[in-house]
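Below is one structure; the comments refer to it alone.
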Amino acid sequence: MKPIYFNKPHLAGKEIGYMNKAVKTGKISGDGLFTRECQVFLENKYRFGKVLLTNSCTDALEMAAILCNIKEEDEIIAPSFTFVSSVNPFVLRGAKIVFADSASDNPNMDVTRIESLITAKTKAIVVVHYAGIACDMDVITGIAKKHNLLVIEDAAQSVDSFYKNKALGSIGQLGAFSFHESKNIITGEGGMLTINDKGFTERAEIIWEKGTNRNAFFNGKADKYEWVDVGSSFLPSEITAAFLKAQLEEIDKIQHKRKRLWQHYNKYLKELPSEKNIMFPYIPEYATNNGHMYYMVCASADERTKLIAYLKKNEIQAVFHYQSLHKSPFYKSRYKGAELPNSDRYSDCLLRLPLYYDLKFKEVEHICGKVLSFYKS
């Protein structure tokens, strides 16, 4: 069998054709026909209030930080077990990050610990839906409402995933998604901001357009094209949007295959004896599974290291994931909070297995067979 890589970007089929079409229109900078088509498609399919495509999920989160008027001395509650982009945009605005531990049964934020972290300086809660599996949003939005806090959903991995029939990224005031090549729907690099509070929409369009009122001007709502606020060049080119359109047209097909691959993993790996103390993905009743990632949590860091090496020897690329941000070289001297044992456990023991559209079911069986043989030996 050929080597099995952790990820392989999937082409839906019409990407090149749409990109050529975008070039032939003579309009390849941002906010053209393809951008608007993608935004409307996503708004209609997932009932987002407003969608703005961005160059990355990081860009979307930077827009969110600006929209929330984050400033020095503000505090942001966020999980430690996440990618740096979940918090870096708020650090750039001068905020202090108050890290929350993960839950014991899944890598999402432990919602029972959030309220104890709130102070008079807390401004927002950044929710990360790890592996596209929803956090308990009723609890989080209830806490936010009680304490007058904003909720920002880092839904980077969560396209086409739901919480009680509500699309992730549609529940908080703002949401951020990634179309990085490692995600379910891709543009190489890319993302989007979802704006679910209408009070943010007008300013979001200004920030998106480098702090100008360009959108209002071209829609006849302003008589001058001026610099009116802070902002940056957050919008992607039409070539990126054209690529995205091809992906979105096949989203149901892509999602169906990825979820079947996920279920195939789950079927075979559940054969591992319980005494091995391995944890597999947990899907709460309120959440759906979008087939973004299949992971396992090994019993120890040493066991994970040996399993990665064993799989590599068998030409299977499996990888670990985030390192706890509160212990990162950049933030550890700033962190004054409690130990976060669950976050550290996922950092040390969580292992991701290959999962992408073009992965074959027989390859999943081969991977599972090697995992099972590792534990039998």
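The values are calculated or read from the model by the stated rules, or taken from the named source; none is laboratory data. This structure is a prediction, so every number in the text was calculated from the model and none was measured. Neighbour counts run over all protein chains shown; Cβ positions are idealised from the backbone, glycine included. The area values use the complete protein model at the heavy-atom level, side chains included, leaving out ligands, DNA and RNA. Shrake-Rupley method; radii C 1.70, N 1.55, O 1.52, S 1.80 Å.
Laid out as a table, the results:
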quantity	calculated
Failed item, numbered, when GLU275 is tested on (1) in contact (Cβ under 8 Å) with a residue 24 or more places away in the chain; (2) farther than 20 Å from ILE185 by Cβ	(1)
Qualifying residue in segment 89-102 (condition: in a helix (DSSP H, G or I) and open to solvent by 10 Å² or more (accessible area, probe 1.4 Å))	yes
Unmet requirement for ASP348, which otherwise passes all of (1) farther than 19 Å from PRO79 by Cβ; (2) touching a residue at least 24 places away in the same chain (Cβ under 8 Å); (3) outside any loop (DSSP other than H, G, I, E, B)	(1)
Flag if ASN69 is assigned to a helix (DSSP H, G or I), more than 12 Å from ALA241 (Cα to Cα) and open to solvent by 70 Å² or more (accessible area, probe 1.4 Å)	no
Residues within segment 103-119 that are open to solvent by 40 Å² or more (accessible area, probe 1.4 Å), in a loop (DSSP other than H, G, I, E, B) and touching a strand residue (DSSP E or B) at 6+ places or on another chain (Cβ under 9 Å), tallied	2
Residues located in segment 328-345, provided they are assigned to a helix (DSSP H, G or I) and either free of Cβ contacts under 8 Å to residues at least 60 places away in the same chain or under 29 Å from CYS368 (Cβ atoms) (or both)	ASN342, SER343, ASP344, ARG345
Complete set of residues in segment 22-36 that are farther than 17 Å from ASN219 by Cα and touching a residue at least 40 places away in the same chain (Cβ under 8 Å)	ALA22, VAL23, THR25, LYS27, ILE28, SER29, PHE34
Test for THR82: is it at negative phi and touching a residue at least 60 places away in the same chain (Cβ under 8 Å)	yes
